[in-house]
Amino acid sequence: HLFWFFGHPEVYIIALPFFGIVSEIIPVFARKPMFGYMGLIAATISIAGLSITVWAHHMYVTGGVLLPFFSFMTFLIAV
């Protein structure tokens, strides 16, 4: 379980610098402010928060643990 706690969130955290780069470059070349900036901030914070708890998704998939918490975390990751 230690692998899922460390390795899997790393996949989601790698996407965060890409969001920052794109949100800085596109408005400069378009010469317009970014539409939906607050949505981008909310999505970035959500990804950071959910990536910490994504290991619970894999505990649900194993079938060994049948607690509602793990199925709820699987639902959050899927949505």
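Overview of values
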{"quantity": "Residue pairs meeting the criteria (Cβ under 7 Å; at least 6 apart or on separate chains; first more than 18 Å from PRO17 (Cβ to Cβ), in the range 41-58; second outside any helix (DSSP H, G or I) and not β-branched (Val, Ile, Thr))", "calculated": "TRP55/HIS1"}
{"quantity": "Residues being of a type in the set (A, V, I, L, M, F, W, C) and over 23 Å from TRP55 (Cβ atoms) - total across the range 10-38", "calculated": "10"}
{"quantity": "Pairs with Cβ under 8 Å, 6+ apart, first in the range 16-27 and on the phi < 0 side of the Ramachandran plot and at pLDDT 85 or above, second of a type outside the set (Ser, Thr, Tyr) and assigned to a helix (DSSP H, G or I)", "calculated": "SER23/LEU40"}
{"quantity": "Residue in the range 41-54 that is modelled with pLDDT of 70 or more, of a type outside the set (Val, Ile, Thr) and over 13 Å from the mean Cα position of the chain (by Cα) present", "calculated": "no"}
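The values are calculated or read from the model by the stated rules, or taken from the named source; none is laboratory data. The structure presented is a predicted model; accordingly, all values stated were derived computationally and were not measured. Reconstructed Cβ throughout: ideal geometry from the backbone, glycine too, with neighbour counts over all protein chains shown.
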